[in-house]
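See structure below.
The values are calculated or read from the model by the stated rules, or taken from the named source; none is laboratory data. Given the structure is predicted, the values throughout are model-derived calculations rather than measurements. So basically every Cβ, Gly included, is an ideal-geometry build from the backbone, and we count neighbours across all protein chains shown. Side chains included, ligands, DNA and RNA excluded: accessible areas come from the protein's heavy atoms. Shrake-Rupley method; radii C 1.70, N 1.55, O 1.52, S 1.80 Å.
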Amino acid sequence: MSHQLIIRENCFQWGQKTYIMGVLNVTPDSFSDGGLFNNTEAALTQAQAMVKAGGDIIDIGGQSTRPGAEQVSLTEELNRVLSVLQVIRPKINIPISVDTTRSEVAKAAIEAGADIVNDISGGTFDQKMLSTVGKLDVPIMLMHIRGTPTTMQQLTNYENLMGEISDFLSQQIKTAMTAGISKHKIIIDPGIGFAKNFEQNLEIIRKLPQLKKLGCPILVGASRKSFIGKILNQSEPQARVWGTAAACCAAICSGADLLRVHDVAEMRDVALVADAIYRHD
C-alpha cells in the first residue's frame, strides 16, 4: 500500500516510513501520564517537545480510556480538549488528532484547529460520529474494541481473534465510506489492550500482516501498556520505555504504518533504525 495523505501540508506516504503519533492526555486519570499535562502550559510544553523530537501527529485526549475508566461529562471533555487546542494550535504546524468517541467533541475540536479524529470505538459509541466526520471531510482512525473501557477487560473471549478484529474493521470501513468518508482518509487500529488479554496483544503484533488486506494504513498503540509491564515485571508505566521500543520494532516489522507513543524521541530512533532494516527494496 503506497497511497498518500496530505494534512496541513504534511505528506504521509504510507509504506515509505513509519510515522509517530505523540500522546497528549489532558486528563487527571490516564494510566501512564494522568495529571501531568492537564493544564495548558504543561500541555503546550509537552506538545512542542514532541514536535522537536520528531513527532508527526499530536493526539489530544480529554477522556481516559484506561481499563476501568469511567466516562466524564461532555462539558468536561469539551473544556479539557478545547482549552489545550486553543493554546497549542497556533504554536505547532504538524497535524493534531483528537482522541474522542463523541461527535460533538470531534466537531468542536476540528473547528478549533484539530485535523484528525481518533475514535477508539471505531465509530460505534456515537451513531453520529461517522456522518459528522464525513461532513467535516477529515481523516479518521477506527479502532477495534468490545464493550467500553469500563467493561472491556471482561470481554476477551474470541473464537478467532484476528478474524474478528478484521471483520469489525472491514464493516466499520464500509460504514464510514457510506457516511461520506473517503477510504484514503481511514486509518485502522487493532486496539491493543482494548478487550484483549496478554496473549492476544502479542498475537496481534505477530499477525498484524493479516490486516493489510483491508487496504488502510495501520496504527499500533502498544506504548507502556500492561502486557509490556507483565513481561518486564514492571508496574510503573513510565519505566516501560525499553519494552515499548521492542514492541514498536516488532510492530514495524509486521507492517505498522503509524505508532501511537508517549516517548516520542526514543520511538523515533526505533522507527528510523527499524525502517532502515525492514523497509528496503
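Mind listing whichever residues of segment 1-48 are touching a Phe, Trp or Tyr at 6+ places or on another chain (Cβ under 9 Å), at pLDDT below 90 and loosely packed, with under 15 Cβ neighbours inside 10 Å?
If the condition is that a residue be touching a Phe, Trp or Tyr at 6+ places or on another chain (Cβ under 9 Å), at pLDDT below 90 and loosely packed, with under 15 Cβ neighbours inside 10 Å, then 1, 2, 3 are the ones that fit.
Could you count how many residues in segment 138-167 are under 15 Å from residue 97 (Cβ atoms) and outside any strand (DSSP E or B)?
2
Could you grab me the full set of residues in segment 129-153 that are open to solvent by 20 Å² or more (accessible area, probe 1.4 Å) and closer than 21 Å to residue 113 by Cβ?
Result: 132, 135, 136, 137.
Across segment 59-85, what is the number of residues that are assigned to a helix (DSSP H, G or I) and either touching a helix residue (DSSP H, G or I) at 6+ places or on another chain (Cβ under 7 Å) or free of Cβ contacts under 8 Å to residues at least 40 places away in the same chain (or both)?
11
Quick one: in segment 86-107, which of the residues that are among the basic types (Lys, Arg) and outside any helix (DSSP H, G or I) is most open to solvent (accessible area, probe 1.4 Å)?
Per the criteria, the residue is 91.
Among the residues of segment 154-177 satisfying the criterion of being of a type in the set (Val, Ile, Thr) and open to solvent by 20 Å² or more (accessible area, probe 1.4 Å), which is farthest from residue 95 (Cα to Cα)?
156
Within segment 58-72, can one find any residue that is open to solvent by 10 Å² or more (accessible area, probe 1.4 Å), hydroxyl-bearing (Ser, Thr, Tyr) and over 16 Å from the mean Cα position of the chain (by Cα)?
no
Among the candidates 265, 246, 276, single out the residue that is touching a residue at least 60 places away in the same chain (Cβ under 8 Å), assigned to a helix (DSSP H, G or I), open to solvent by 40 Å² or more (accessible area, probe 1.4 Å) and of a type in the set (A, V, I, L, M).
Residue meeting the stated conditions: 265.
Could you tell me which residue of segment 178-199 is nearest to residue 260 (Cα to Cα), considering only residues that are touching a strand residue (DSSP E or B) at 6+ places or on another chain (Cβ under 7 Å) and not in a loop (DSSP other than H, G, I, E, B)?
Ranking the candidates gives 189 first.
Condition first: more than 16 Å from the chain's Cα centre (by Cα) and either free of Cβ contacts under 8 Å to residues at least 24 places away in the same chain or within 23 Å of residue 48 (Cα to Cα) (or both). Can you find one or more residues in segment 251-260 that meet it?
no
Please name all residue pairs, on different chains or six or more residues apart, with Cβ atoms under 6 Å, provided the first residue is in segment 175-199 and is free of Cβ contacts under 8 Å to residues at least 12 places away in the same chain and the second residue is exposed (fewer than 15 other Cβ atoms within 10 Å of the Cβ) and part of a helix (DSSP H, G or I).
From segment 175-199, the pairs are 177/183.
Hey, among 193, 215, 180, 229, which residue is of a type in the set (Gly, Ala, Ser), surrounded by 24 or more Cβ atoms within 10 Å (Cβ to Cβ) and either modelled with pLDDT of 95 or more or closer than 27 Å to residue 7 by Cβ (or both)?
Only one candidate passes the filter, namely 193.
For segment 108-125, how many residues meet the condition of being open to solvent by 30 Å² or more (accessible area, probe 1.4 Å) and either in contact with a strand residue (DSSP E or B) (Cβ under 6 Å, 6 or more places away or on another chain) or over 28 Å from residue 9 (Cβ atoms) (or both)?
Going through segment 108-125 one residue at a time, the tally reaches 2.
Can you name every residue in segment 139-193 that is in contact with an Asp or Glu (Cβ under 8 Å, 6 or more places away or on another chain), of a type in the set (A, V, I, L, M, F, W, C) and farther than 17 Å from residue 222 by Cβ?
Scanning segment 139-193 gives 140, 142.
From 192, 165, 205, grab the single residue that is within 20 Å of residue 146 (Cα to Cα), among the hydrophobic types (A, V, I, L, M, F, W, C) and in contact with a Leu (Cβ under 9 Å, 6 or more places away or on another chain).
Just a single option satisfies the conditions, and that option is 165.
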